[in-house]
């Protein structure tokens with residue numbers, strides 16, 4: 001006897017519940033657990049060491065380094081221009 005042709009009312013109610021409620025919930029739970037496990041493994045192996053991810057999740061404080069007053073060629077050029085003008089106006 002197969003059981004599908006039985007007249008048991010509990011069996012008749014159990015089949016649609018199993019098909020439309022329990023199996024989709026188990027499938028969704030499996031997918032979410034697989035994604036969570038994959039994320040956990042990726043986090044522990046790779047993502048913890050990426051500086052951008054560390055800054056996003058607050059694992060490492062961003063170091064603030066003040067900018068020096070003279071940063072390059074342009075500031076040196078203007079500083080030399082102002083120094084030469086100052087020297088010219090002193091002698092005039």
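Since every read-out is calculated from the coordinates, none of them should be taken as a lab result. Note that the structure is a prediction, hence the values are computed from the model and not measured. Quick reminder, even Gly has a Cβ in these numbers, built from the backbone with ideal geometry, and neighbours come from all protein chains shown.
State, to one decimal in nm, how far the label point of residue 42 lies from the label point of residue 77, with both points 7 Å from Cα in the Cβ direction.
About 4.7 nm, to one decimal.
Measuring from label point to label point, each 7 Å out along Cα→Cβ, what is the residue 56 to residue 10 span in nm?
About 5.1 nm separates the two model spin labels.
Taking 0.36 nm per residue of sequence separation and subtracting the Cα-Cα distance, how much length would be gained by fully extending the chain between residue 67 and residue 27, in nm to one decimal?
Between residue 67 and residue 27, full extension yields 8.9 nm more.
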